[in-house]
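Rule-based calculations on the coordinates, nothing more; no lab input. This structure is a prediction, so every number in the text was calculated from the model and none was measured. Here the Cβ positions follow ideal geometry from the backbone for every residue, glycine too, while neighbour counts run over all protein chains shown.
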Amino acid sequence: MFSSVDTIWVLLGATLVFFMQAGFAMVETGFTRAKNAGNIIMKNLMDFAVGTPVYWILGFGLMFGASNAGIIGTPDFFIQGEYAFGSLPTWAYVIFQTVFCATAATIVSGAMAERTKFSAYCIYSLLISAVVYPVSGHWIWGGGWLASLGFHDFAGSTAVHMVGGAAAL
């Protein structure tokens, strides 16, 4: 049984996090030279355009699939398995986690502004969305080794922002 109120709340939260993409794009564009504005906007768009399919194809399963010694989840290509997320439908939670994945990738865009070729950035975005964010997310939210030690990251400050910051570094 799903709760419509919980589902709407989570999808509203996902919408707000999705609009962080636009905010990051505007901040990064404001901090760079005008000639690079189009490049910055495209990098932020590609985080979502490249990251979403690979997260749905591979990343979500690695993040929330059955744990393999607490390190990585079992791959579940195209999210075919059954997942229990309380009173939420699986796909509402998938959308919520997808926007967080894109946010983790976008954090790096600001640190690399004006310093990276577009094609290299797209490869980075693909890798962080497919493997890096899902594996670290599994440790924290997917029942991995940090979660088993009692680690709790309520709002994503570690799972999203620390991973993005560490990747930027």
## Note on the structure
Checking rank on 61-72, 148-159, with mean other Cβ inside 10 Å and highest first, the result is 61-72, 148-159
### Query
So, how do all the Cα-to-Cα distances of the stretch 1-46 break down into 10 Å bins, in percent, from 0 on up?
26, 34, 20, 15, 5, 0
### Query
What shape does the stretch 92-169 have by the C-alpha gyration tensor, where a ≥ b ≥ c are the square roots of the eigenvalues, rounded means a/c under 1.5, and otherwise prolate means a/b greater than b/c and oblate the rest?
prolate
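For the stretch 24-121, with only Lys/Arg (+1) and Asp/Glu (-1) charged at the beta-carbon, what is the dipole magnitude about the Cα centre, in debye rounded to 20? Intermediate values should be presented prior to the final figure.
Details: 5 positive and 5 negative charges, 98 e Å.
Its charge dipole is roughly 480 debye.
Using Cα pairs under 8 angstrom and six or more residues apart, how large is the relative contact order of the chain, in percent? Kindly include the intermediate steps, with their values, before the conclusion.
On the way: 232 pairs, mean separation 51.9, N = 169.
In percent, rounded to a whole number, it is 31.
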### Query
Using the Karplus equation 6.51 cos²θ - 1.76 cosθ + 1.60 (θ = phi - 60°), what ³J(HN,Hα) coupling, rounded to whole Hz, does each residue of the stretch 87-94 give in order, writing x for Gly and Pro?
9, 10, x, 3, 6, 5, 5, 4
### Message
What whole-number volume per residue, in cubic angstrom, does the convex hull of the C-alpha atoms of the stretch 12-129 give?
### Response
101
### Task
With runs of 4+ DSSP H residues as the only contributors, calculate the mean residue ellipticity of the chain at 222 nm using -39,500 (n - 2.57) per run, divided by the residue total and rounded to the nearest 500.
-18000 deg cm²/dmol
### Query
Which distance in Å, rounded to a whole number, links the C-alpha centroids of the stretch 122-166 and the stretch 41-114?
10
### Task
Go through the stretch 38-50 residue by residue and turn each phi into a ³J(HN,Hα) via Karplus (6.51, -1.76, 1.60, θ = phi - 60°); whole Hz please, and just put x for glycine and proline.
x, 4, 5, 4, 5, 4, 5, 5, 5, 4, 7, 5, 8
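Evaluated at 20 °C with a viscosity of 1.002 mPa s, what Stokes-Einstein diffusion coefficient in µm²/s does the stretch 14-82 have when Rh comes from the Kirkwood expression over alpha-carbon pairs? Before the final figure, lay out the partial values.
Details: Rh = 14.0 Å.
The calculation lands on 153 µm²/s.
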### Message
Under 14 Å from a point placed 7 Å out from the Cα of Arg33 along the Cα-to-Cβ direction: which residues of the stretch 94-132 have their backbone N that close?
### Response
113-116
## Note on the structure
Plugging the Cβ-Cβ distance of Val5 and Glu82 into 1/(1 + (r/R0)^6) at R0 = 22 Å yields, to the nearest 0.05, a FRET efficiency of 0.45
